[in-house]
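For reference, the structure is listed below as structure tokens.
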Amino acid sequence: MSADKNKNTKSKDGNLKNTKSVKKFIQKRKTIDPNTLFNQLAKGDRIALAKAITVIESSRSEDHEVAQNLISKSLLKAVPAFRIGITGPPGVGKSTFIESIGKHILKNRKKLAVLTIDPTSQVSKGSVLGDKTRMQDLSTIKNVFIRPSAAGDTLGGVARKTRETITLCEAAGYDTIIVETVGVGQSEIAVHSMVDAFCLLLMPGGGDELQGIKRGVVEMADLIAINKADEDRIELAKQSRSAFKNAIHFYPPNENGWGTKVMTCSGLNDKGVDEIWKELQKYFDHNTKTGYLKKRRTSQSKFWLHETIINNLKNSFYTDPHITKVLLDLENKVIEGKISPFQAAESLIKLARHK
């Protein structure tokens with residue numbers, strides 16, 4: 001098959017790859033009708049969902065109004081889904097685990113959306129966006145939507161619009177949504193602030209890995225899964241489970257009264273994954289009955305309100321022509337030791353306030 005012909009193919013699940021349809025859509029975004037696009041999305045059209053996500057992820061000013069329109073309509077239509085965050089260090093097998101647990105989810109849930117965040121190179125600003133190739137079986141299932149997004153340089157490497165993408169998926173009828181982090185930096189904090197259950201994947205080890213995992217990440221985890229517990233690593237996985245179980249006893253109790261579970265599994269061989277899914281369901285039901293789920297989502301909404309304010313203020317500050325005009329001069333003065341960084345910052349802030 002020629003390279004050009006391959007560019008115009010479509011995956012079996014209806015998700016768009018690098019098709020002519022996407023190119024035409026990007027070129028014609030100025031004439032897009034948000035009402036038509038939303039109506040298609042609300043009927044479960046995956047192509048419309050992919051297009052809508054492209055609009056809200058866009059940094060183009062002409063797409064902003066359409067994006068806000070789509071989000072407003074989606075908020076009225078959306079039925080809150082079970083949102084699950086999956087994190088873990090690179091190489092722990094997150095994609096394989098998600099593919100395995102996804103099949104169990106679909107046994108008793110209708111539709112599954114997987115939102116994956118790919119690392120963005122700080123040098124080239126490029127991103128691989130290859131999660132569909134890593135979840136080949138899951139991507140061919142009709143009721144599954146997989147959307148990779150570039151991490152960019154936003155909070156913790158989480159795509160700037162991931163939370164709004166969740167709203168679009170809920171409006172499209174997806175009742176379970178998995179958000180996979182890049183597993184580095186502060187991404188865990190960001191994803192924890194947009195999901196109902198936070199699952200930390202780790203590899204088998206003798207317990208020494210406790211030294212390499214940030215305490216804050218373990219404290220945030222609602223469930224810890226020791227993945228790759230297969231073949232000659234089963235005993236090692238059991239040792240890791242024991243080590244983390246013992247360590248958790250020294251952490252403050254969870255606000256919802258639910259003790260963090262530590263389990264072993266093999267995403268590759270589909271062992272123990274069903275048990276993990278059942279445990280996550282119990283956790284979701286517990287939080288729903290106690291009212292903690294509503295409290296957690298309220299707190300998350302406040303968090304993202306303030307994060308958005310901070311990001312927008314930062315963007316408007318650095319794109320303000322009055323600021324950019326004097327910023328370089330002040331930077332040079334700081335470098336030369338003629339003024340302190342704090343004095344320079346204060347003068348810029350005063351300029352922004354009184355321009």
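Scan segment 304-330 residue by residue and report those that are among the acidic types (Asp, Glu) and in a helix (DSSP H, G or I). Residues satisfying the conditions are GLU307, ASP329. Kindly indicate whether any position in segment 300-316 is charged (D, E, K, R), over 30 Å from PHE284 (Cα atoms), in contact with a Leu (Cβ under 9 Å, 6 or more places away or on another chain) and not assigned by TED's automatic domain parsing to the domain that holds ILE166. Checked against the condition, which is being charged (D, E, K, R), over 30 Å from PHE284 (Cα atoms), in contact with a Leu (Cβ under 9 Å, 6 or more places away or on another chain) and not assigned by TED's automatic domain parsing to the domain that holds ILE166, segment 300-316 yields no hits at all. Could you look through segment 259-283, keep only residues that are in contact with a helix residue (DSSP H, G or I) (Cβ under 7 Å, 6 or more places away or on another chain) and in a helix (DSSP H, G or I), and pick out the one that is nearest to HIS249 (Cα to Cα)? Step by step, filter segment 259-283, then rank; the result is ILE276.
Here's the yes/no breakdown for (1) of a type in the set (D, E, K, R); (2) at pLDDT below 95; (3) under 24 Å from PRO80 (Cα atoms):
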{"position": "ARG241", "(1), (2), (3)": "yes, yes, no"}
{"position": "GLY257", "(1), (2), (3)": "no, yes, yes"}
{"position": "MET263", "(1), (2), (3)": "no, no, no"}
{"position": "GLY272", "(1), (2), (3)": "no, no, no"}
{"position": "ASN287", "(1), (2), (3)": "no, no, yes"}
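The set of residues in segment 40-66 being over 22 Å from VAL114 (Cβ atoms) and not β-branched (Val, Ile, Thr) consists of SER59, ARG60, SER61, GLU62, ASP63, HIS64, GLU65.
For segment 267-286, state whether one or more residues are in the same structural domain as LEU223 (by TED's automatic domain parsing), surrounded by fewer than 16 Cβ atoms within 10 Å (Cβ to Cβ) and touching a Cys at 6+ places or on another chain (Cβ under 7 Å). So far as segment 267-286 goes, yes, one or more of its residues are in the same structural domain as LEU223 (by TED's automatic domain parsing), surrounded by fewer than 16 Cβ atoms within 10 Å (Cβ to Cβ) and touching a Cys at 6+ places or on another chain (Cβ under 7 Å).
The values are calculated or read from the model by the stated rules, or taken from the named source; none is laboratory data. Small disclaimer: the values here were computed from a predicted structure and weren't measured. Note: ideal-geometry Cβ built from the backbone for every residue, glycine included; neighbour counts use all protein chains shown.
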